[in-house]
Amino acid sequence: MKALVLTGTKKMEIQDLATPEVKPNEVLVNTAYAGICGTDRALYAGLPGSADAVPPIVLGHENSGIVAAIGSDVTNVKVGDRVTVDPNIYCGQCEYCRTDRPELCDNLSAVGVTRDGGLAESFTAPSSVVYPIPDNVSLKAAATTEPISCAVHGMTLLNVKPYQKALVIGDGFMGQLFVQLLQAYGVHQVDFAGIVDEKLAFNKEKFGVVNTFNTTRDSIPADYDVVIEAVGLPQTQEQAVEATKKGAQVLMFGVGKPNQTFSMNTYEVYQKQLKIQGAFINPYAFEDGIALLSSGQLDVESLISHEVSLEQVEDVLNGKVAGVSKAVVKVND
Ligand SMILES: NC(=O)c1ccc[n+]([C@@H]2O[C@H](COP(=O)([O-])OP(=O)(O)OC[C@H]3O[C@@H](n4cnc5c(N)ncnc54)[C@H](O)[C@@H]3O)[C@@H](O)[C@H]2O)c1
Ligand SMILES: [Zn+2]
Ligand SMILES: [Zn+2]
């Protein structure tokens with residue numbers, strides 16, 4: 001089978017690999033689409049994602065495809081099913097797994113990070129992380145279930161109510177997902193801050209955003225019950241805390257550099273009784289992600305800017321393809 005193999009730091013090559021064999025509990029998936037995100041850019045550059053990727057490895061933790069074979073113990077899917085695979089595999093034995101916080105697992109492994117993933121014609125995964133998708137969800141949209149599920153996990157960690165007014169900072173794919181998700185979760189007003197005027201306008205026209213702010217020139221009022229930071233820079237993290245009103249919750253979703261810090265007024269944390277919440281990956285969130293796509297509450301196809309081939313992936317990761325908002329790789333027809 002054709003595979004795009006990460007062979008070293010910033011090195012990738014197309015190779016002809018043997019189609020993987022399935023173990024009794026595993027599923028072989030013929031990849032339809034694989035999504036590319038910032039985590040892939042980090043892994044390509046030799047930096048850790050949710051875990052370390054050790055070359056040679058096939059990336060592709062966001063994916064969709066068709067079941068091509070199942071192991072003897074598999075009962076949840078059959079050959080021919082359209083599926084998406086949650087990349088994250090938890091050990092089930094550590095303190096975190098056994099206290100209902102598997103995302104913090106001490107022995108996390110992941111399809112497309114620590115084991116071969118979707119940037120190949122086929123890949124395997126344990127059946128426990130393979131999810132069938134309904135007929136009305138396209139394979140292209142289903143390839144974004146993983147990032148959707150990360151956002152769903154973030155929403156689950158917040159206490160979201162209809163009376164609240166929310167602000168999303170960050171006009172990338174994740175920020176735009178949160179714009180839609182907050183409304184799906186019942187928040188009555190969503191405002192949006194970013195640096196790309198066209199994206200701000202697009203979300204106002206198409207996805208119900210009320211007010212927009214360009215963070216390079218507009219000041220943001222301290223008026224929000226829920227603020228979602230989806231950039232990961234110190235200045236936007238500061239802006240996120242500053243945009244809160246009393247009793248607010250801040251979701252620090254953006255990923256900063258490992259040694260990054262930001263300043264905040266700790267008197268205001270006390271006086272406003274703020275809740276500042278981190279979010280790591282996507283436990284128990286795939287079913288919700290698929291349901292949000294199937295019900296039409298999330299439109300991701302409008303947010304996918306590029307459909308590329310395996311041969312073009314390195315150019316996307318290198319930043320040689322201009323204007324990428326979200327790229328998916330079409331692997332098989
Ligand atoms: N917590 C998790 O589990 C999780 C999962 C997925 C992604 N993430 C993180 O979420 C963040 C967003 O992901 P993404 O895929 O949308 O990334 P992205 O790179 O596509 O988007 C980042 C966006 O931030 C915008 N931006 C840059 N500077 C800004 C500023 N000063 N003010 C406002 N906007 C600014 C850019 O225009 C860009 O659109 C990243 O840090 C990513 O690592 C976290
Ligand atoms: Zn991703
Ligand atoms: Zn564990």
For the stretch 204-333, rounded, prolate or oblate, judged on the Cα gyration tensor with a ≥ b ≥ c (square roots of eigenvalues), a/c < 1.5 rounded, else prolate if a/b > b/c? prolate
Under 5 Å from the placed amide H of LEU59, counting only residues 5+ away or on other chains, we find LEU6, GLY117, LEU119
Pull up the cross-link candidates among the aspartates and glutamates for LYS2, meaning alpha carbon to alpha carbon under 17 Å and not fewer than 8 places away within one chain. GLU13, ASP16, GLU21, ASP116, GLU121, GLU311, GLU314, ASP333
Between HIS188 and SER138, how many nm apart are label points set 7 Å from Cα along the C-beta direction? 3.5
Taking a ≥ b ≥ c as the square roots of the eigenvalues of the Cα gyration tensor, with a/c under 1.5 meaning rounded and otherwise prolate when a/b exceeds b/c and oblate if not, the stretch 87-165 is oblate
With the chain treated as a Gaussian network of Cα nodes joined by springs under 10 Å, which of GLU307, GLU146, GLU229 yields the largest mean-square fluctuation? GLU307
Please sort 187-197, 148-158 by packing, taking for each peptide the average over its residues of neighbouring beta carbons within 10 angstrom, highest first. 148-158, 187-197
Rounded if a/c is under 1.5, else prolate if a/b beats b/c, else oblate: with a ≥ b ≥ c from the C-alpha gyration tensor eigenvalues square-rooted, which is the stretch 118-263? prolate
Acute angle (nearest 10 degrees) that the helix 145-157 long axis makes with the longest principal axis of the chain, alpha-carbon atoms: 40
For the chain, longest principal axis from Cα atoms; helix 197-206 axis from its Cα atoms; angle between them, nearest 10 degrees, is 90
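Using a 1.4 angstrom probe on the protein heavy atoms only, could you order ASP81, ASP333 from most to least accessible area?
Working: ASP81 30, ASP333 180 Å².
The ordering from most to least exposed comes out as ASP333, ASP81.
Out of all DSSP beta bridges with both ends in the chain, state the antiparallel percent to the nearest 5. Intermediate values should be presented prior to the final figure.
On the way: 32 of 57 bridges.
About 55 percent, rounded to the nearest 5.
Are any of the pairs LYS206/LYS330; LYS161/LYS204; LYS165/LYS206; LYS23/LYS78; LYS161/LYS326; LYS140/LYS199 more than 24 Å apart by Cα-Cα distance, and if so, which? All intermediate terms of the calculation are to be shown ahead of the outcome.
Numbers: LYS206/LYS330 26 Å; LYS161/LYS204 21 Å; LYS165/LYS206 19 Å; LYS23/LYS78 15 Å; LYS161/LYS326 29 Å; LYS140/LYS199 21 Å.
With Cα atoms farther than 24 Å apart: LYS206/LYS330; LYS161/LYS326.
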In vacuo Debye scattering of the chain, one point per C-alpha: log10 I(q)/I(0) at q = 0.07, 0.11 Å⁻¹? -0.28, -0.70
Find how many whole Å separate the alpha carbon centroid of the stretch 141-183 from the alpha carbon centroid of the stretch 240-273. 18
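The values are calculated or read from the model by the stated rules, or taken from the named source; none is laboratory data. The structure displayed is predicted, hence computed values, not measured ones. All Cβ positions, even for glycine, are placed from backbone atoms using ideal geometry, and neighbour counts span all protein chains on display. In case anyone asks, the SASA skips ligands and DNA or RNA and just uses the protein heavy atoms, side chains included. Shrake-Rupley method; radii C 1.70, N 1.55, O 1.52, S 1.80 Å.
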